[in-house]
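K.L.:
Below you'll find the structure I mean.
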């Protein structure tokens, strides 16, 4: 059986009673994820429970193989939970078809990956714009300008990923992830391939997105220093959440 | 945006795109050129028959569309019988001999006087008409192909002919010799392959045909216009089969190359597909992107193929001036459609495969 995390935030302005009235934007209830290696079942997640409120920034930490990425993919609808419930903005991903999860992901979830995962043939602008195209609303120049300016991408938009530094690429990836104003931003070790300086830049960007725009963020990280940028840190081990404490 | 995505993906791997384009270009060129060659040759032959100016052709019943293969089974005296009929202005016999030694050509043995009556004569570019038994006329295309000029000796059928004149192409054949000499050479004394009849007026053609059929019931009598209309590949079953085989071969080439190209593309872009899925791209969107890329590649290949066809035609005509390659808008369009269909079929499996890739696995792909 999973462990329920007590929700507390850093903000002194919010009382616990006020928090309890907020509906979680993300609700993970007793989620199991089983992978099949031949005839053997390998549980990546073993009854995980996690609630994330709107506007929260949560860091998920744990050793390699503890199920962090599996949790992220299940939350993001890229993988389907074997058991349990995953509610994203009230929608249960577990009961959805692949097409429905894809549709939900398009409108409510943004992903940032460790390896940036930009499309190499497109420029920075193209990589961001394609997210808008897939979303279905077409290119929104105003939103595009706001996001790229905020992430300091002016002057780099016509460059392809191969012509950009790691930090720039990751900022493009973040721009792509938030261009459609997703409910939740999921980041899978976004600083894993960056040096210290660029890591700090990216983490600061994420922090600003959370504090200034109220972006809900769930981030996987190995980096203990990264946790200082987040409201709450959740620890995982062997497919379960073992501890969820405020970042301070 | 999709257009930009497709366009940039195509040119992100220029060598692979070039190979794909080349395959489509070759496919299109094969179809256009082979069809153009067959229809060009047929049409050119038909035009040359029309160029004689006769109204009716009289041949043996066993004759085919290819007059040169018929041999010489008809007595030449048939010409006199036909000449006596009402509304017949002139008749001329011709003996056709197919020759494959030193090239593929049909020798026309003609009676110069009656041939001139029916055809209004040749347009001479150089020299004069047939006078001696070993005289030969060649048309300008044949002269260019064989590098002959007036006064040269031209050996055909193991006989040394003297080229006495070069005539404008477009009338009957390319090589003309006296019918009597040719009859001797091929052992067809007093025989002819075909009789060409000119009526007093074109409106009398049907009446004259009826009369000829009455006196020659076992011969094939047809208007020249009908022969012209029948000189198409659809009326020659073996030729149509040949054309269909070439088209099938061309489509197979295009299909297989595109299949391989897109299969490799999908494999190489596995992670990109995972990224698109993480952004919320549906299966349909992914299939559509890949098929759009294929269509664009095909379009570029088709343009190249059409250009290549004209280049190949120019090269062929330079090397073989007597060839005729007819490139028509209709067949260019058909070749284009065939190429697009083949390419889309070839790309459909890789595209479907791409849409079904597991997003998590795709994102982890190296």
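The values are calculated or read from the model by the stated rules, or taken from the named source; none is laboratory data. None of the values given here were measured: they were computed from a predicted structure. Cβ coordinates were reconstructed from backbone atoms using ideal geometry, including for glycine residues, and neighbour counts include every protein chain displayed.
K.L.:
Give the residue, chosen from B:17, B:64, that is closer than 30 Å to residue B:238 by Cα and either within 14 Å of another protein chain (Cβ to nearest Cβ) or without any contact (Cβ under 8 Å) to a residue 12 or more places away in the chain (or both).
P.N.:
B:64
K.L.:
If you don't mind, there's one more thing I want to ask. Considering only residues that are part of a helix (DSSP H, G or I) and surrounded by fewer than 19 Cβ atoms within 10 Å (Cβ to Cβ), which ones fall in the range B:272-284?
P.N.:
Answer for the range B:272-284, where residues must be part of a helix (DSSP H, G or I) and surrounded by fewer than 19 Cβ atoms within 10 Å (Cβ to Cβ): B:283, B:284.
K.L.:
Just to verify a result, which residue in the range B:138-165, among those that are under 25 Å from the mean Cα position of the chain (by Cα) and in contact (Cβ under 8 Å) with a residue 40 or more places away in the chain, is surrounded by the most Cβ atoms within 10 Å (Cβ to Cβ)?
P.N.:
So the first thing to find is which residues in the range B:138-165 are under 25 Å from the mean Cα position of the chain (by Cα), and the list is B:138-147.
Keeping just the survivors that are in contact (Cβ under 8 Å) with a residue 40 or more places away in the chain gives B:141-142, B:144-146.
Working: B:141: 20, B:142: 22, B:144: 17, B:145: 19, B:146: 20.
Among them, the one singled out is B:142.
K.L.:
Name every residue in the range A:102-160 that is at the interface with chain B (Cβ under 7 Å from one of its Cβ atoms), outside any loop (DSSP other than H, G, I, E, B) and over 20 Å from the mean Cα position of the chain (by Cα), in order of residue number.
P.N.:
Those that are at the interface with chain B (Cβ under 7 Å from one of its Cβ atoms), outside any loop (DSSP other than H, G, I, E, B) and over 20 Å from the mean Cα position of the chain (by Cα): A:126, A:133.
K.L.:
Among the candidates B:222, B:240, which residue alone is part of a helix (DSSP H, G or I), surrounded by fewer than 19 Cβ atoms within 10 Å (Cβ to Cβ) and away from chain A (no Cβ under 14 Å)? First the steps, then the outcome.
P.N.:
Working: B:222 fails: part of a helix (DSSP H, G or I).
Within the list B:222, B:240, the selection yields B:240.
K.L.:
While we're on this one: Can you go through B:11, B:5 and tell me which one is within 14 Å of another protein chain (Cβ to nearest Cβ), surrounded by 19 or more Cβ atoms within 10 Å (Cβ to Cβ) and either free of Cβ contacts under 8 Å to residues at least 24 places away in the same chain or not in a strand (DSSP E or B) (or both)?
P.N.:
Details: B:11 fails: surrounded by 19 or more Cβ atoms within 10 Å (Cβ to Cβ).
Sole residue among the options that is within 14 Å of another protein chain (Cβ to nearest Cβ), surrounded by 19 or more Cβ atoms within 10 Å (Cβ to Cβ) and either free of Cβ contacts under 8 Å to residues at least 24 places away in the same chain or not in a strand (DSSP E or B) (or both): B:5.
K.L.:
From (1) part of a strand (DSSP E or B); (2) surrounded by 23 or more Cβ atoms within 10 Å (Cβ to Cβ); (3) at pLDDT below 90, pick out the condition that doesn't hold for residue A:242.
P.N.:
(2)
K.L.:
If I ask for residues that are surrounded by fewer than 23 Cβ atoms within 10 Å (Cβ to Cβ) and either in a loop (DSSP other than H, G, I, E, B) or in contact with a helix residue (DSSP H, G or I) (Cβ under 7 Å, 6 or more places away or on another chain) (or both), which ones from the range B:325-347 would you list? Spell out how you get there, then give the answer.
P.N.:
Step one: filter the range B:325-347 for residues surrounded by fewer than 23 Cβ atoms within 10 Å (Cβ to Cβ), giving B:326-334, B:336-338, B:340-341, B:344-345.
Correct list: B:326, B:327, B:328, B:331, B:332, B:336, B:338, B:340, B:344, B:345.
K.L.:
Report yes if residue B:246 is more than 17 Å from the chain's Cα centre (by Cα), assigned to a helix (DSSP H, G or I) and modelled with pLDDT under 90, otherwise no.
P.N.:
Against the criterion (more than 17 Å from the chain's Cα centre (by Cα), assigned to a helix (DSSP H, G or I) and modelled with pLDDT under 90), residue B:246 does not qualify.
K.L.:
Next up: Does residue A:98 meet the test of being surrounded by fewer than 18 Cβ atoms within 10 Å (Cβ to Cβ) and within 9 Å of chain B (Cβ to nearest Cβ)?
P.N.:
Yes.
K.L.:
Considering every residue within the range B:323-332, establish whether at least one is within 20 Å of residue B:256 (Cα to Cα) and either within 14 Å of chain A (Cβ to nearest Cβ) or modelled with pLDDT of 90 or more (or both). Step through it out loud before you land on a result.
P.N.:
In the first step, residues of the range B:323-332 are kept if they are within 20 Å of residue B:256 (Cα to Cα); the result is none.
The answer is no, given that none of the residues of the range B:323-332 is within 20 Å of residue B:256 (Cα to Cα) and either within 14 Å of chain A (Cβ to nearest Cβ) or modelled with pLDDT of 90 or more (or both).
K.L.:
Only residues that are surrounded by fewer than 21 Cβ atoms within 10 Å (Cβ to Cβ), in contact with a helix residue (DSSP H, G or I) (Cβ under 6 Å, 6 or more places away or on another chain) and part of a helix (DSSP H, G or I): list them for the range A:179-213, please.
P.N.:
Within the range A:179-213, A:198, A:201, A:207 qualify.
K.L.:
Kindly evaluate residue A:176 against the criterion of being more than 17 Å from residue A:57 (Cβ to Cβ) and out of contact with any strand residue (DSSP E or B) (no Cβ under 8 Å at 6 or more places or on another chain). It would help to see each step written out before you state the result.
P.N.:
Numbers: more than 17 Å from residue A:57 (Cβ to Cβ): yes; out of contact with any strand residue (DSSP E or B) (no Cβ under 8 Å at 6 or more places or on another chain): no.
So residue A:176 does not fit the description; no.
K.L.:
Could you tell me how many of the residues in the range B:87-107 are more than 22 Å from the chain's Cα centre (by Cα) and in a strand (DSSP E or B)?
P.N.:
Residues flagged as more than 22 Å from the chain's Cα centre (by Cα) and in a strand (DSSP E or B) within the range B:87-107 amount to 8.
K.L.:
Condition test on residue A:169, is it within 14 Å of chain B (Cβ to nearest Cβ), within 27 Å of residue A:68 (Cα to Cα), part of a helix (DSSP H, G or I) and in contact with a helix residue (DSSP H, G or I) (Cβ under 8 Å, 6 or more places away or on another chain)? Walk me through how you get there before you give the answer.
P.N.:
Details: within 14 Å of chain B (Cβ to nearest Cβ): yes; within 27 Å of residue A:68 (Cα to Cα): yes; part of a helix (DSSP H, G or I): yes; in contact with a helix residue (DSSP H, G or I) (Cβ under 8 Å, 6 or more places away or on another chain): yes.
Taking the combined requirement at face value, the residue satisfies it.
K.L.:
Inspect the range B:25-47 for any residue being over 22 Å from the mean Cα position of the chain (by Cα) and surrounded by fewer than 18 Cβ atoms within 10 Å (Cβ to Cβ) and give the result as yes or no. Outline the logic, then answer.
P.N.:
Taking the range B:25-47 as the starting set, the residues that turn out to be over 22 Å from the mean Cα position of the chain (by Cα) are none.
Scanning the range B:25-47 turns up no residue that is over 22 Å from the mean Cα position of the chain (by Cα) and surrounded by fewer than 18 Cβ atoms within 10 Å (Cβ to Cβ).
K.L.:
Let me ask something else about it. Out of curiosity, is residue B:107 crowded, with 17+ Cβ neighbours inside 10 Å and closer than 23 Å to residue B:185 by Cα?
P.N.:
Numbers: crowded, with 17+ Cβ neighbours inside 10 Å: yes; closer than 23 Å to residue B:185 by Cα: yes.
Yes, satisfied.
K.L.:
Being within 14 Å of residue A:241 (Cα to Cα) and either at pLDDT below 85 or part of a loop (DSSP other than H, G, I, E, B) (or both) is the filter here, so list the residues in the range A:4-49 that pass it.
P.N.:
Matches in the range A:4-49: A:4, A:5, A:6, A:7.
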